[in-house]
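For reference, the structure is listed below as C-alpha cells.
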Amino acid sequence: MSRVAEKILIVNLTRFGDLLQTSPVIEGLKRSRPGCEITLLAEKSFAEVCEGIPALDRIYRIDLDTLGAELLEGGAKLLDGFNYVRRVIDDLRSEGFSLGLNYSSSKMTAVFMGLLRIGDLRGWTMTEDGFRIIAHPWSRLFASMCLNRRFAVYNLVDYYLRMADIQPWGGGLYYRISDEARAGARRVLREAGWREGEKLVAIQLGASRSARCWPQRSFVELGREISASLGMRVVLIGGRLDRELAARTHLELGGVALNLCGATSIAELGGVLEQCEALITGDTGPMHMAVAMKTPVIALFFGPASAFDTGPYSEGNVVLQSEVACAPCDHNVNCLRPFCREEITAAMVARALRLRLEGRFDDLAREASRWRSVRVFRTTFDRQGFYRCELLGDRPAREEDVVREAYRRMWVAELDGEGELQGAARRLDRSIGSAEAKKKAGGCLWGFGQMVSLAQEGYAQACLLAGEAAKRDPSVLRCEELGERIEAIDNEIAKIAGIVPATAPLWQMFRFGKENLEGEELEPLARATSCLYAELARRASAMARLLGEEKRQFATWTQSGAEERRTGRGREEREAQEWL
C-alpha cells in the first residue's frame with residue numbers, strides 16, 4: 001500500500017526577493033520531511049521567480065491586482081471578486097494540507113489561512129471568531145522584531161526556517177537556471193557590447209523606495225572608478241521602472257557600462273549575475289538573486305534597510321551601512337532629508353569591492369576603521385547556523401549592538417531550549433569584548449528590572465484571578481477588581497517599553513501572546529495569562545543577567561522555558577502568596 005505524501009502550503013505574497021528567501025525553507029523541508037509535497041502560494045506578478053526554486057513541487061498563482069480592482073469597482077464586480085476568492089479557498093482546501101506556513105503579515109493572508117482550516121498553521125492566521133493571531137513563537141518573535149528593528153536579532157531567512165522547525169545551516173539561497181536562460185543571458189550581454197572573457201561588475205540602480213536608492217551621481221563616479229582601477233566593465237541592471245535612471249547613467253558612463261536594465265527575464269538576470277565578479281546593490285531582489293548565484297555582494301544600506309535582518313544571506317558579502325543616529329529608520333517614516341545616502345562615497349565602495357574580490361578582509365577592516373561615517377559588516381554564520389553581521393574595523397560598539405547580542409543568546413535559549421543563560425552571558429562577554437561596551441547598555445538594566453517587578457506582580461494577580469474563578473461561587477466584584485489591576489500593570493509595562501526601547505521586543509512578545517489567548521472561560525484564561533507574565537519576567541531577568549546585572553532579585557527567574565511549562569497549579573499559587 002503506497003504512503004500518502006504529506007502536503008505543505010507556504011504563503012508568501014511579496015516581491016521576488018522575499019520569494020527567493022523562502023528557498024532554504026523549501027530545501028530544508030525536503031530534507032527533514034522526506035517525500036513531502038510543497039505548494040507555494042505566490043502573487044502572479046512575482047511568481048516567475050518561483051519556477052527556478054529547486055525542490056518546489058507546485059506554484060499556485062493568485063491574481064491580487066485583478067482581485068483588488070474588482071473589489072474597488074464594486075457592484076457586479078464585487079461578486080466576481082468574492083467568487084474568485086471562494087474558488088481559491090476551495091482549490092486549496094481540496095489539497096488536504098497538513099502544515100501551513102504564512103510568511104506574509106497582511107490581514108488578507110491571515111483571513112486566507114483561517115479559512116483554509118489547516119490543522120497546523122504557523123504565522124499570521126485567523127481564529128474561528130474572526131480575530132487575527134500569530135501562531136508559533138518564532139512567528140511572534142519575527143513580528144516583534146519588525147516593530148523594533150534597531151535591535152534586529154536574526155535574518156528574515158532564519159525566522160522562516162525556525163517557523164518550520166528547521167535549524168539554520170548557513171546554506172545560502174537556492175535558484176536553478178535553465179540552459180535556455182543561461183544562453184539568453186549571454187546573448188543579451190553580447191548584444192549590449194560584451195566581449196567574451198571580459199570581466200564584469202553588476203550595479204543595481206533602483207530600489208522599491210527612493211530612500212533606499214543611492215544618488216545617481218554616485219553610481220556614475222563608481223562606474224568610472226571601477227573601470228579605471230579594476231579594468232572591469234559595469235553592467236547596469238534593474239526593473240522596467242528603472243529604465244530612465246539607467247539610460248541617464250549609461251549616457252554619462254559611455255563605453256564603461258552595458259545597459260541591461262529591463263532587458264532580461266528573472267531567470268536571465270540570474271544568468272547575467274552568474275557571469276559577474278560581484279554585484280553592487282541596495283537592499284533589493286537582485287541582491288538575493290546574486291546570493292543564490294554565489295556571486296559576491298557589496299550591499300549599500302540606507303533608510304529603513306538593516307544589514308541584520310535583510311542582509312545578503314551567504315558567507316563573505318560586504319555591507320556598508322550609514323553611521324547615523326537615526327539608521328535604520330522605520331518603514332513608515334517618510335524622510336524629508338535622507339542624508340544617510342550621502343555618507344557612503346563611491347571611493348569607499350570601489351575600495352571595498354577591490355578588497356573583497358582579492359579576499360583581503362583584514363585590509364578592509366583597517367579601511368573601515370578610518371571610515372567614520374560608515375559601518376562595514378562582513379556576513380557570516382554562527383556556530384548554530386544563524387546568519388550574523390560581523391562589524392569590521394576598530395569601531396566602538398553601540399548600545400543596540402550589545403543589546404542585540406544579548407537578545408540573540410536569550411531567544412535561542414528561550415525558544416529552542418538550547419544552552420543555559422550563564423554560558424550565554426560568558427559568550428556575550430567574549431563577543432562584545434570590553435566592559436566599556438557593556439556599560440553602553442547599562443541604562444537598559446533599569447528597564448529590564450522594572451519589567452521583572454511588574455511581571456511578577458501581574459503573575460500574582462493572574463494567579464489570584466484564576467483561584468477566584470475556580471471557586472464554586474466566584475465573586476464578580478473581586479474578579480473585576482483583579483482584572484482592573486492586571487490592566488493597570490499592562491499599561492505600566494507598556495510605559496516601560498516606551499521609555500526604554502531596548503525592552504520593547506519583550507513587551508511586543510508579551511502583547512502578541514495575550515492577543516493569541518483563546519476561549520471564554522475565565523479560569524483557564526487567567527492561568528494562561530499567568531504563564532505569559534512568568535515568561536516576561538524570566539526573559540527580562542535573562543536579559544538583565546546577560547547585560548551584566550547580578551542582583552539576587554533576578555536569580556529565581558532564569559530557569560528555562562521548558563521548566564516553567566512543567567510547573568503546576570500548586571507552585572503558581574505558592575509563589576503568588578509569597579509575592580503578596
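Worth pointing out:
- Probing with 1.4 Å while keeping every protein chain in the model, the per residue accessible area of region 1-83 equals 49 Å².
- List His136, His288, ordered by accessible area with a 1.4 Å probe, largest first: His136, His288
- Derived scalar couplings ³J(HN,Hα) [region 133-141; Karplus, 6.51 cos²θ - 1.76 cosθ + 1.60; whole Hz; x for Gly, Pro]: 10, 10, 8, 5, x, 5, 5, 5, 5
- Ligands, DNA and RNA are left out, and with a 1.4 angstrom probe the accessible area of region 356-408 is 43 Å² per residue.
- Put simply, the amide H of Leu13, placed in the peptide plane, has neighbours under 5 Å in Ser104, leaving out anything fewer than 5 places away on its chain.
- Prolate/oblate/rounded call for region 50-96, Cα gyration tensor, a/c under 1.5 rounded: oblate
- Kirkwood hydrodynamic radius of region 1-87, from inverse mean 1/r over distinct Cα pairs, in Å: 14.4
- If you take the Cα centroid of region 172-235 and the Cα centroid of region 292-313, the two points sit 16 Å apart.
- Convex hull (Cα only) mean projected area of region 1-49, reported in nm² to one decimal: 3.7
- Helical contribution to [θ] at 222 nm, DSSP H n ≥ 4, -39,500 (n - 2.57), averaged over the chain, rounded to 500: -16000 deg cm²/dmol
- Working value for region 210-273: equivalent-ellipsoid semi-axes of 19, 15, 10 Å, each the square root of 5 times a Cα gyration tensor eigenvalue, largest first.
- Asp165 accessible area, 1.4 Å probe, all protein chains in place, Å² to nearest 10: 90
- Estimated Rh, the chain: Kirkwood, alpha-carbon pairs, angstrom: 25.9
- Measuring nothing but alpha carbons in region 89-223 and taking Rh as the Kirkwood radius, the Rg to Rh ratio lands at 1.11.
- A protection proxy built from the mean count of other Cβ atoms within 10 Å ranks the segments 225-233, 293-301, 60-68, 306-314, most packed first, as 306-314, 293-301, 225-233, 60-68.
- Other residues with beta-carbon under 10 Å from the beta-carbon of His136 carry, at +1 per Lys or Arg and -1 per Asp or Glu, a net charge of +1.
- Cα gyration tensor, region 474-522 - rounded (a/c under 1.5), prolate or oblate: oblate
- Whole-percent carbon and sulfur share, accessible surface of the chain, 1.4 Å: 49
- For Glu468, solvent-accessible area (1.4 Å; no DNA, RNA or ligand), Å²: 20
- Placed amide H near Phe302: partners under 5 Å, 5+ positions off or other chain: Asp283
- With the whole protein complex present, Cys531 retains an accessible surface near 60 Å², based on a 1.4 Å probe.
- Taken one residue at a time, the phi angles of region 526-535 give Karplus couplings (6.51, -1.76, 1.60, θ = phi - 60°) of 5, 5, 5, 5, 4, 5, 5, 5, 4, 4 Hz. Gly and Pro are set to x.
- Anisotropy class of region 187-309 from Cα gyration tensor, a/c 1.5 cut: rounded
- Hz values of 3J(HN,Hα) by residue in region 443-459 - Karplus curve (6.51, -1.76, 1.60), Gly and Pro given as x: x, 6, 4, 4, x, 5, x, 4, 5, 4, 4, 5, 5, 4, 5, x, 4
- Summary of the geometry: region 134-166 and region 372-401, compared by the centres of their Cα atoms, lie 19 Å apart.
- Built amide H within the under 5 Å cut-off of Ala278, gap 5+: Ala202
The values are calculated or read from the model by the stated rules, or taken from the named source; none is laboratory data. Just so you know, these numbers come straight off a predicted model, no measurement behind them. Here the Cβ is made from the backbone with ideal geometry for all residues, glycine too, and neighbour counts use every protein chain on show. Heavy atoms of the whole protein, side chains included, go into the accessibility calculation; ligands, DNA and RNA do not. Shrake-Rupley method; radii C 1.70, N 1.55, O 1.52, S 1.80 Å.
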